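First comes the structure, then the notes that go with it.
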Amino acid sequence: METREIRLKYGRGEVTFSLPAGQIYFEVVGKDYPAVSDIPGAIQSALEKPIDSPPLKEMLHPTDKVAIAVSDITRSWQRMDLVLPTLLDTISEAGVPDGNINILVVVGGHRQNTKEEMALLCGREVADRVNVVNHNARELKNMVYLGKTSRGTEVAINRVAAEADRIILTGGIIYHYMVGYGGGRKSVIPGFSSIKTIQQNHLWAMGRELGSGSNPNARSGKTRGNECHEDMMEIAGLVQPDFIVNVVPNAEEDYAGIFAGNWVSAWLEGTKRVDEIYSVPIPGLADIVIASAGGFPKDINLYQTGKTMDNACYAVKPDGAVIIVSECLDIREPPEFPRWFQYDSRLDMERALRADFTIPGWVAWKEVECSDRASFIMVTLPQNADLVRRAGMIPVATIGEALEIAYRKCGTKEPRITLMPQGANTLPVILPPHPGEGRSGNG
């Protein structure tokens, strides 16, 4: 029988194995997209010819106080150190002095970033040039109340943003398995919103009643009808950001596009680029899915691996098997995350999450829910076995063990196998069958 050698990224290395070529059903890979070659020039052009907005320079007055939102260290892939120098120069050309500019590191509910991390995010010259401060969602005295959304979310935001004459959002857009896409309004909420606002908004990612689990509308690529996203848009609408600069990465994590201008329409243009690159049509569901997060740092911990697990669910048959290849060198990061697996029952876990909603808690919940769809097997470091088991998966140390279990669990001797080498970013989207179509794919 003809076999095919498979290589998947695992930490800073890879795992290698062979599969019967006839059983490989599909390979889910993002579209090749050229990198932006002249980044400063592309940023300058985007600022001068923005989407649905006057040029940034024309919006500014010399007396303006300007707040620039920059994502925290967990989003360092956005490389805002490449964007900010040109952005600051444009603001200066409008006559605004550096002393009137604050960069707000929008940590949401995450931990505070260190000065070294701020310098990494912004670039050392930028960090030395203007004031860079952390948002602290729990520092309520520094929040300004703006009102309520139609869903009753009480909106309070960081005083630095509230007292600015101009608010500029920066960030990156990829799929987000709670609110459809990252970027855009996420710089506001959870970005620089109060912890109370964050918790009230994010509860829309859960079903209406205890026991109903997560909200099926809160998923990657979905915005219309996604209550959590729609509430976010209302929150950002109360803030009314003046300008946005968002980037979209290609598969090599270079810039595939820079989108600047109106905070809604420029972001929406960016989401189209995400779909173009990372929405991957598949011909059907597989008996077994084998997915790699994409190696380090995407598989640095179990928290980050949740994105790959969720994407794999869209490619596997109910009661099939999923193999996740994820080293998880720092499996217990962030520190809050492991404690969510301590509960004796699903109901207890869900009750605790509804009482004190956090993103790590929701990620843990989503990972546990994955086992409702299929049997999840994780190839990881041996010391990770206990936490992986508590997350509802079967831990193994080798791909050979994983394949043996997957073949046994999937219920067929000749399973269809789908490969996902870029599992953290690619979203499988099932296509309607065409008459006469056979079992084929791009694998």
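Quick notes on this one:
- Taking Cβ atoms as reference points and 15 Å as the exclusive limit, the residues near residue 102 contribute a net charge of -2, counting Lys and Arg as +1 and Asp and Glu as -1.
- For the chain, diffusion coefficient by Stokes-Einstein and Kirkwood Rh (Cα), 4 °C, 1.567 mPa s, µm²/s: 57 µm²/s
- Highest-fluctuation residue, 184, 108, 213 considered, GNM on the chain with Cα pairs under 10 Å: 213
- Extent of the stretch 321-366 along its three principal axes (Cα atoms, max minus min coordinate, largest first): 32, 27, 17 Å.
- Where the stretch 260-395 is the region considered: accessible area per residue in Å², 1.4 Å probe: 34 Å²
- Long-range amide H partners of residue 27 with built H, under 5 Å: 419, 442, 443
- Projecting the Cα atoms of 429, 193, 313 onto the dipole axis of the chain, where Lys and Arg carry +1 and Asp and Glu carry -1 at the beta carbon, places 313 farthest toward the positive end.
- From largest to smallest, the equivalent ellipsoid semi-axes obtained for the stretch 165-303 from the alpha-carbon gyration tensor read 25, 22, 14 Å.
- Between the residues 156, 73, 126, the greatest Cα displacement towards the positive end of the dipole of the stretch 33-172, with unit charges on the Cβ of Lys, Arg, Asp and Glu, is found for 156.
- Rounded FRET efficiency, nearest 0.05, which uses the C-beta distance separating residue 144 from residue 114 and R0 of 25 Å: 0.45
- When a 1.4 Å probe is rolled over the protein heavy atoms, the share of accessible surface on the stretch 191-305 that falls to carbon and sulfur comes to 48 percent.
- Percent accessible area from carbon and sulfur atoms, the stretch 1-138, protein chains only, probe 1.4 Å: 49 percent
- Across 148/222; 141/307; 9/186; 49/298; 49/186, pairs whose alpha-carbon gap is larger than 32 Å: 141/307; 49/298
- Net charge of the neighbourhood of residue 248, taken over other residues with C-beta under 11 Å away and scored Lys/Arg +1, Asp/Glu -1, is -3.
- DSSP beta bridges in the chain [antiparallel fraction, %, rounded to 5]: 35 percent
- Estimated [θ] at 222 nm from DSSP helical runs (n ≥ 4, -39500 (n - 2.57)) normalised by residues in the chain, nearest 500: -8500 deg cm²/dmol
- Stretched out straight at 0.36 nm per residue, the stretch from residue 45 to residue 7 would grow longer than its current Cα-Cα span by 9.7 nm.
- Cut-off of 10 Å, at most 12 other beta carbons, DSSP loop: longest stretch of the chain lacking such GluC sites (Glu not before Pro): 253-436
- Residue among 141, 317, 307 with the largest mean-square fluctuation in a Gaussian network model of the chain, springs linking Cα atoms under 10 Å: 141
- GNM top mover of 300, 195, 430 - the chain, alpha-carbon springs below 10 Å: 430
- For the stretch 157-210, the Kirkwood estimate of hydrodynamic radius, built from reciprocal distances between every pair of different alpha carbons, is 12.5 Å.
- Theoretical gain in end-to-end length, residue 38 to residue 209 [0.36 nm per residue, Cα-Cα removed]: 56.5 nm
- Qualifying aspartates and glutamates (Cα of each under 12 Å from Cα of residue 317; at least 8 residues distant if same chain): 287, 372
- Comparing Cα centroids, the stretch 299-366 and the stretch 22-66 end up 32 angstrom apart.
- Restriction of the trypsin sites (Lys or Arg not before Pro) in the stretch 161-219 to DSSP coil positions whose beta-carbon has at most 16 other beta-carbons within 10 angstrom yields 208.
- Relative to the longest principal axis of the Cα atoms of the chain, the long axis of helix 265-278 lies at roughly 20 degrees.
- 5 angstrom amide H check on residue 394, placed H, neighbours 5+ away: 376, 377, 378
- Potential lengthening between residue 413 and residue 222 on full extension [0.36 nm per residue; Cα-Cα distance subtracted]: 65.2 nm
- Cα centre as origin, Lys/Arg/Asp/Glu Cβ charges: the chain dipole, Debye: 900 debye
The values are calculated or read from the model by the stated rules, or taken from the named source; none is laboratory data. Fair warning: this is a prediction, and the values are worked out from it, not measured in the lab. Here Cβ is always computed from backbone atoms with ideal geometry, including for glycine, and neighbour counts include all displayed protein chains. We work out accessible area using only protein heavy atoms, side chains counted, and drop any ligands, DNA or RNA first. Shrake-Rupley method; radii C 1.70, N 1.55, O 1.52, S 1.80 Å.
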